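The values are calculated or read from the model by the stated rules, or taken from the named source; none is laboratory data. A quick note: this is a predicted structure, and the numbers were derived from the prediction, not measured. Here the Cβ is made from the backbone with ideal geometry for all residues, glycine too, and neighbour counts use every protein chain on show.
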Amino acid sequence: MTLTIVCVPLGGALAGVLGLRILPALGWRALYAVGGVIPLAAALLLLRLLPESPRFLARNPRRWPELARILRRTGQAVPPQATFVDPDEQTDGRASLEQLLAADLRSDTLALWGAFFSCLLAVYLGFNWVPAMLTGAGMSPTVGSAGIAAFNLGGVVGAIAGALAFARLGSKPTMLTMAGGAIVGALGMSAMTLGPTSASPPIVAMLGVTGGLINAVPCSRRLRK
């Protein structure tokens, strides 16, 4: 699950690396064009190569032939007229908002909402504003692209490391440590001077560390779920 989730910061890192190459040579319009073409190409490729969920297909008898073909591709011996069932299928009802805010669940619900909101606010503020913050302070677009690439690459490393620590040490100490480190990193970043004459390597390095910790927290929370 974590390896799937880290594709979000990995894509952000790729965007930063592309920006380092394309912006100085071709300008921002070409960068937007490349950024639009790559997802379209990936969507067409996935449409062709990504199989449907076997559980979903098992619940739709009309699509059993498709499920049989997928299972045969994975080496399963499937008879021509095979029928399928999903033994793990459950009919759990969906909790209402009123139930989530009942007395016995209210504190947990509000705490989870606050945690997810805060984590994702920090992540997407970084995604959206790191390049603008650096270039607005007078640094070059190249530094802006390097900063967002470092922020996202740190997120990939942090999310995987957080998942490993989660499995070894448990959820509570891992997430509290990462959240505390993210706060310290953000405070350290706020004390740094940004300007045309500022040294870029320490800034980019701090963005990588802080991005790793910030991204690791919501990824670990999804793994816990």
* Scope the stretch 44-57; condition surrounded by 11 or more Cβ atoms within 10 Å (Cβ to Cβ) and assigned to a helix (DSSP H, G or I); matching residues -> 54, 55, 56, 57
* **Pair list, Cβ under 9 Å, 6 or more apart: the stretch 107-126 residue assigned by TED's automatic domain parsing to the domain that holds residue 152 and without any contact (Cβ under 8 Å) to a residue 60 or more places away in the chain, other residue in a helix (DSSP H, G or I) and of a type in the set (Lys, Arg)** => 112/221
* To do: Could you tell me whether residue 67 is in contact (Cβ under 8 Å) with a residue 24 or more places away in the chain, in contact with a helix residue (DSSP H, G or I) (Cβ under 6 Å, 6 or more places away or on another chain) and over 30 Å from residue 217 (Cα atoms)?
  => no
* Which numbered condition trips up residue 208, out of (1) touching a residue at least 60 places away in the same chain (Cβ under 8 Å); (2) in contact with a helix residue (DSSP H, G or I) (Cβ under 9 Å, 6 or more places away or on another chain)? -> (1)
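Residues checked against (1) buried (at least 24 other Cβ atoms within 10 Å of the Cβ); (2) modelled with pLDDT under 85; (3) over 28 Å from residue 21 (Cβ atoms):
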position	(1), (2), (3)
148	yes, no, no
151	yes, no, no
155	yes, yes, no
159	yes, yes, no
162	yes, yes, yes
166	no, yes, yes
171	no, yes, yes
181	no, no, yes
187	no, no, yes
* Asked: Are any of the residues in the stretch 111-121 more than 24 Å from the chain's Cα centre (by Cα) and loosely packed, with under 11 Cβ neighbours inside 10 Å?
  -> no
* Among the listed residues 185, 138, 126, 144, which satisfies the condition of being in contact with a Phe, Trp or Tyr (Cβ under 8 Å, 6 or more places away or on another chain) and either at positive phi or assigned to a helix (DSSP H, G or I) (or both)? -> 126
* With respect to residue 12, determine if the residue is touching a residue at least 60 places away in the same chain (Cβ under 8 Å), assigned by TED's automatic domain parsing to the domain that holds residue 172 and surrounded by 12 or more Cβ atoms within 10 Å (Cβ to Cβ). => yes
* Asked: Can you tell me which of 34, 85, 78, 8 is within 30 Å of residue 164 (Cβ to Cβ) and among the aliphatic types (A, V, I, L, M)?
  -> 8
* Asked: Does residue 167 satisfy the criteria of being among the hydrophobic types (A, V, I, L, M, F, W, C), in contact with a helix residue (DSSP H, G or I) (Cβ under 9 Å, 6 or more places away or on another chain) and touching a residue at least 12 places away in the same chain (Cβ under 8 Å)?
  -> no
* residue 33 passes all but one of (1) closer than 30 Å to residue 134 by Cα; (2) exposed (fewer than 11 other Cβ atoms within 10 Å of the Cβ); which number fails? -> (2)
* **The lone exception for residue 68 - which of (1) outside the structural domain of residue 7 (by TED's automatic domain parsing); (2) surrounded by fewer than 11 Cβ atoms within 10 Å (Cβ to Cβ) it fails** => (2)
* To do: Check residue 73 against each of (1) out of contact with any Ser or Thr (no Cβ under 9 Å at 6 or more places or on another chain); (2) within 30 Å of residue 143 (Cβ to Cβ); (3) among the charged types (D, E, K, R) and name the one condition it does not meet.
  => (2)
* Structure fact -> Log entry, pairs with first residue in the stretch 26-48 being under 15 Å from residue 11 (Cβ atoms), second being in a helix (DSSP H, G or I), beta carbons closer than 7 Å, six or more apart or on different chains, reads 31/18; 31/19; 31/22; 31/23; 34/18; 34/22; 35/15
